[in-house]
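Participant: Below you will find the structure I want to go over with you.
Each value in this text was obtained by applying a stated rule to the coordinates, not by laboratory testing. Note that the structure is predicted; figures quoted are calculated from it, not measured. So basically every Cβ, Gly included, is an ideal-geometry build from the backbone, and we count neighbours across all protein chains shown.
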Amino acid sequence: MFKSFLGRFSRDIAIDLGTANTLVYVKDKGIVVNEPSVVAINTRTDQIVAVGHDAKKMIGKTPPHIVATRPLVGGVISDFEVTEKMLKYFIDRVHKESYAISPRPRVVIGIPLDVTEVERKAVEDAAQSAGAREVLLIEEPMAAALGARLPVRDATGQLIIDIGGGTTEIAVISLGGVVMSRSLRIAGDEMTDNIVQFVRDHFNLLLGDRTAEEIKMKIGSAVALDEPIEMRIRGRDLMTGLPREVVINDTQVRESLQKIFRAMVENVKSTIENTPPELVADIYERGIVMTGGGSLLKGLDKLLAGELAIPIQVIDDPLTAVVRGAGVILDDIEHTRDLLLPSTK
């Protein structure tokens with residue numbers, strides 16, 4: 001009863017707890033937070049120094065007593081305490097202008113498809129410890145489909161590919177449920193790691209993750225571009241240990257990502273092969289929908305469409321699809337509760 005009383009003064013929120021970015025949607029206000037899932041903590045005082053963009057700037061630049069860390073790996077919690085602190089920070093930030101002394105919001109969180117019950121419980125416990133009075137979980141592809149305004153309750157097959165920072169979710173949705181799916185720990189972070197390794201092998205140069213991510217976003221592509229692009233990059237020479245600058249082009253970046261592209265194509269094919277034929281016919285007619293930040297890589301939709309012989313559409317603002325879908329749940333919980341995952345409690 002006390003929680004219910006506190007809930008009257010709290011703002012219900014939806015969270016896309018991503019490996020790379022955390023987005024927060026507030027009922028009746030829309031998306032109010034879009035920050036990297038990075039937390040900087042002072043280990044001497046156990047206090048949060050920075051969260052989000054400010055913390056991301058500190059990666060690789062901190063003194064020994066300040067640790068800038070990403071508490072989620074592959075879409076699941078790897079550091080429970082830091083995740084709890086990050087969630088509490090965002091919940092308090094949302095309620096900063098309200099009169100809630102101790103906010104107890106209802107929270108909807110999107111999670112990857114193949115998480116174990118233990119991993120699901122970790123998300124619920126972290127959110128409750130951070131101040132949530134009720135935690136509702138939804139599978140990320142279902143949330144992304146809702147965010148893309150797909151008719152998920154219809155008796156027609158919808159194939160959605162959600163490429164995030166830590167996971168790529170491939171799901172066939174029909175009648176309000178996931179019929180067939182694949183969850184890969186191959187996504188944006190893996191692309192960044194491959195670029196770092198490629199530069200190390202071919203240029204004998206050690207790059208930071210932030211530089212590699214910048215390369216991916218500026219000149220990364222899945223198909224040959226009309227006009228070649230080059231980029232100057234700086235790192236540490238592995239032979240001399242001194243700074244050095246080299247030039248990398250889009251062809252070299254594309255070469256470094258080929259293995260990931262092949263894995264994505266094979267897994268989408270495998271998902272379709274195991275889907276009931278009636279739903280495959282719907283997918284062929286309706287096409288495939290792509291969401292997530294990874295879908296913004298130049299030409300990735302063209303590559304997949306060419307390999308699969310199925311039209312592909314990248315939705316508007318794919319980065320926010322999951323949190324917008326979780327927001328749809330939040331706005332009408334009574335009529336959408338059947339789309340949620342059962343609680344582990």
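Participant: Run through the range 6-72 and list the trypsin sites (Lys or Arg not before Pro) located in a DSSP loop whose Cβ has at most 16 other Cβ atoms within 10 Å.
Facilitator: The qualifying sites are 8, 27, 29, 44, 57, 61.
Participant: Follow-up. Suppose every K and R has +1 on its Cβ and every D and E has -1 on its Cβ; what is the size of the dipole of the range 230-337 about the Cα centre, in Debye to the nearest 20?
Facilitator: Rounded to the nearest 20 debye, it is 660 debye.
Participant: Here's a follow-up. How large is the convex hull of the Cα atoms of the range 68-209 per residue, expressed in Å³ as a whole number?
Facilitator: Spread over its residues, the Cα hull of the range 68-209 gives 151 Å³ apiece.
Participant: Which value, in debye to the nearest 20, describes the size of the charge dipole of the range 188-256 about its Cα centre when Lys and Arg Cβ atoms bear +1, Asp and Glu Cβ atoms bear -1, and nothing else is charged?
Facilitator: 300
Participant: Below 8 Å between Cα atoms, with a sequence gap of 6+, how large is the relative contact order for the range 188-256 in percent?
Facilitator: Relative contact order for the range 188-256 comes out at 32 percent.
Participant: Which whole-number percent gives the relative contact order of the chain, counting Cα pairs below 8 Å spaced six or more residues apart?
Facilitator: Averaging sequence separation for qualifying contacts and normalising by length gives 19 percent for the chain.
Participant: In 10 Å bins starting at zero, report the fraction of Cα pairs in the range 188-256 per bin as a rounded %.
Facilitator: 22, 58, 19, 2
Participant: With respect to the cross-link table entries 259/302; 29/56; 85/216, which display a Cα-Cα separation exceeding 19 Å?
Facilitator: Listed pairs above 19 Å: 29/56; 85/216.
Participant: What are the extents of the Cα atoms of the range 102-177 along their three principal axes, listed from largest to smallest and rounded to whole Å?
Facilitator: 43, 22, 20
Participant: What percentage of all Cα-Cα pairs in the range 285-339 are separated by more than 12 Å?
Facilitator: 69
Participant: Under 8 Å for C-alpha pairs, at least 6 residues apart: give me the relative contact order for the range 2-149, rounded to a whole percent.
Facilitator: Once divided by the residue count of the range 2-149, the mean separation gives 24 percent.
Participant: Seen from all sides and averaged, what is the projected area of the convex hull of the Cα atoms in the chain, in nm²?
Facilitator: 18.8
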